[in-house]
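The structure is given below, and queries will be raised subsequently.
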Amino acid sequence: MSPSSTEGCEDCLRIGSTWVHLRECLICGHVGCCDSSPNRHASAHAHAESGHDLARSFEPGEEWAWCYADELLLMPA
Ligand SMILES: [Zn+2]
Ligand SMILES: [Zn+2]
């Protein structure tokens, strides 16, 4: 699975659903949809995969990351 070939939330694409924004897992590169999306795949991935607590925004121009374990927003310095 290559992150560079991702065109959207891979889980939504599989079930034919849609998303609002995308998040990329910093551990494995999984791309999932944000908590504003109907299916919340990024959050589901973070909880399903042990240790995959960090995800960054996959949106152009957004550089923040989110820690699911601490529920902490990480901004670039
Ligand atoms: Zn999704
Ligand atoms: Zn992951």
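Read-outs: derived from the displayed coordinates by stated rules, not from any lab. Please read these numbers as outputs of a predicted model, since none were measured by experiment. Backbone-built Cβ (ideal geometry, glycine too); neighbour counts: all protein chains shown.
Past the 14 angstrom mark, what percentage of all C-alpha to C-alpha distances in the stretch 3-74 do you count?
Value for the stretch 3-74 (Cα pairs over 14 Å): 53 percent.
Highest GNM mean-square fluctuation, the chain, Cα pairs closer than 10 Å: which of R14, R40, R56?
Residue with maximal mean-square fluctuation among R14, R40, R56: R14.
So which GluC sites (Glu not before Pro) in the chain are both in a DSSP loop and have at most 14 other Cβ atoms within 10 Å of their Cβ?
Answer in residue order: E7, E49, E62, E63, E71.
List, in order, the whole-Hz ³J(HN,Hα) value for each residue of the stretch 21-38 obtained from phi through the Karplus relation with A = 6.51, B = -1.76, C = 1.60 and θ = phi - 60°; use x for Gly and Pro.
Karplus values, whole Hz, x for Gly and Pro: 10, 10, 10, 10, 5, 6, 8, 10, x, 4, 9, x, 8, 7, 6, 7, 8, x.
For the chain, which cysteines have no second Cys with its Cβ under 4.7 Å from theirs?
C25, C28, C34, C67
List the chymotrypsin sites (Phe, Trp or Tyr not before Pro) within the stretch 5-77 that fall in a DSSP loop (any state other than H, G, I, E or B) and whose Cβ has at most 15 other Cβ atoms within 10 Å.
Answer in residue order: W64.
Under a plain spin-label model, where a point goes 7 Å from the Cα along Cα-to-Cβ, how far apart in nm are S50 and E63?
The modelled label-to-label distance comes out at 3.5 nm.
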